[in-house]
Amino acid sequence: MSARFTFIGKLEANTDSEAKNYFLREGKTSKGDAPYMSLNLQVAQEKNNRAFVELFGMVSKSVKTMDNDFNKIEIAWDDRFDEDSVKEVANFKKTIVKIGDEKKEFIAAYDAVKYIADNIDELKDQTVIVSGQRKKNVYNNKISDRFEFNLIRVVDDEDTVKRLTVNTEFLFNKDSFDTADWNTEHKLYINGWTEEYMSDVKENRYVEQQIVFDCGKINWDNEDHVKKVKFRLKMLGCDLDSNNKIVVKLKAKKLYQMGIVATFMNGQEKVDFDESMLTETQKEALELGLKKLDDFRPSGNIYGERVVVYKLKDFDLRAEGKYVDGCIDSEITQDEFDEKLYTIENASFGDIGSDDDELPFGDSKSKKEDEDDEDDLFG
């Protein structure tokens with residue numbers, strides 16, 4: 001159930017060898033003095049949103065890996081470049097680097113790190129696809145994400161949509177849905193869990209994960225937009241009533257799961273310019289009709305505070321998959337869940353709003369009309 005990521009954007013690397021955050025780190029392990037190399041790169045979707053990716057490799061006596069039939073195998077270190085040995089290893093266990101027409105496949109991450117470092121000038125500032133596995137890291141009593149890649153490929157900048165996405169199986173229950181900001185910001189917070197291998201306990205555990213369903217770009221007078229919102233809610237066992245209020249239809253005391261595609265946001269979100277950003281004098285000039293709002297609009301984009309957010313974008317609805325009709329009962333008992341729950345800080349779950357909440361939907365003057373691209377509606 002581990003999460004996979006696909007980041008598309010401009011590759012950035014600090015190639016100043018004197019800098020503290022130089023992209024390449026070399027050394028020897030404390031036990032055995034085995035040489036190692038480690039890469040730290042960035043994939044920038046745009047100026048205000050980027051992800052940090054990494055790759056670590058070390059010299060060893062052999063390469064422990066898997067073959068194309070998913071059997072565990074061991075290849076002698078000196079045989080790691082042998083053509084037959086490389087073909088024997090499953091693709092998901094290799095590190096693949098493609099620059100132009102040249103494609104290299106490595107069964108030892110150490111060799112991939114060295115190759116990337118030697119060719120960093122051909123990769124830096126290029127549009128790339130970087131993919132791999134997301135892992136959870138615990139440091140100073142806090143959980144963070146680490147993105148360890150096993151593929152990096154240069155692509156045509158003009159024909160490629162830049163986006164940071166993460167695919168994962170998401171666990172949640174009826175109490176996971178927090179609608180505190182739904183009426184004002186049209187954001188639904190879903191506080192659930194993902195199953196992760198946690199190195200400190202050397203086991204798979206259920207780790208807290210929040211997903212945000214951001215409908216801030218929805219035109220609530222646009223029937224097609226509303227249908228798309230309702231479809232995504234249906235996949236999670238929810239619905240909208242006639243007042244566009246969220247209704248959770250899941251059964252209590254059950255844990256559900258769904259394959260989701262989330263947009264990863266790590267940076268400063270763009271903020272729409274409005275009257276709340278004006279000074280008192282500017283507001284007074286606006287009220288007197290001496291100025292228009294556009295007269296005060298900044299020339300560039302406006303950004304808010306830095307955030308790390310997973311925004312719900314799509315679902316895994318493959319015909320051969322188990323989520324073709326939406327979320328399913330995980331069949332995990334409460335006792336099983338409690339036994340595997342990984343806790344550092346208590347999760348904070350909100351309550352579903354009351355019937356008396358005001359529902360300011362339908363004011364669409366600032367929203368785009370039918371020309372909105374669905375690809376951009378939900379982050």
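Rule-based calculations on the coordinates, nothing more; no lab input. The structure displayed is predicted, hence computed values, not measured ones. Here the Cβ positions follow ideal geometry from the backbone for every residue, glycine too, while neighbour counts run over all protein chains shown.
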Cβ neighbours within 10 Å, averaged per peptide: list 279-285, 241-247 in order, most packed at the top.
241-247, 279-285
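Net charge within 11 Å of Asn173 by Cβ-Cβ distance, Lys/Arg positive one each and Asp/Glu negative one each, not counting Asn173 itself?
Surrounding charge for Asn173 is +2.
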R0 = 35 Å: FRET efficiency of Asp121 with Ser2, Cβ-based, nearest 0.05?
0.60
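Write out the GluC sites (Glu not before Pro) in region 115-212 meeting two conditions: DSSP loop, and at most 12 other Cβ atoms within 10 Å of their Cβ.
Numbers: sites: Glu122, Glu148, Glu158, Glu169, Glu185, Glu195, Glu196, Glu203, Glu208; in loops: Glu158.
Answer by residue number: Glu158.
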How far is it, in nm, from the label point at Ala34 to the one at Lys322 when both lie 7 Å from their Cα along the line to the Cβ?
3.4 nm
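In nm, what is the difference between 0.36 nm times the number of residues separating Thr15 and Ser60 and their Cα-Cα distance? Don't jump to the answer; show the numbers that get you there.
Details: separation 45, 0.36 × 45 = 16.20 nm, distance 2.72 nm.
Result: 13.5 nm gained on full extension.
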Counted charge near Pro35, where neighbours are those whose Cβ lies closer than 11 Å (Asp, Glu -1; Lys, Arg +1):
0
Stretch gain in nm, segment Asp224-Glu46, where the contour uses 0.36 nm per residue and the Cα spacing is subtracted
61.2 nm
Can you pull the one-decimal nm distance between simple spin-label points at Ser242 and Asn137, each 7 Å off the Cα toward Cβ?
5.3 nm
Fewest first, what order do Lys228, Lys249, Lys72 take by the number of other Cβ atoms within 10 Å?
Lys72, Lys249, Lys228
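Using a cut-off of 11 Å between beta-carbons, work out the net charge of the residues near Leu278 (Lys and Arg +1, Asp and Glu -1, Leu278 not included). Spell out each step's value before the answer.
Numbers: positive: Lys283, Lys291, Arg297; negative: Asp274, Glu275, Glu280, Glu284, Glu287, Asp295.
Once all neighbours under 11 Å are counted, the net charge is -3.
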Label-to-label distance, nm, for residues given as Phe231 and Val161 (7 Å Cα→Cβ offset):
1.3 nm
So the label point goes 7 Å from the Cα of Trp77 along Cα→C-beta, right? Which residues of region 7-47 then have their backbone N under 20 Å from it?
25-39
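Among Lys162/Lys217; Lys20/Lys136; Lys142/Lys253; Lys64/Lys114; Lys187/Lys230, which pairs are too far apart, with a Cα-Cα distance over 21 Å? Don't skip to the answer; put the middle values down first.
Working: Lys162/Lys217 19 Å; Lys20/Lys136 24 Å; Lys142/Lys253 28 Å; Lys64/Lys114 19 Å; Lys187/Lys230 14 Å.
Pairs exceeding 21 Å: Lys20/Lys136; Lys142/Lys253.
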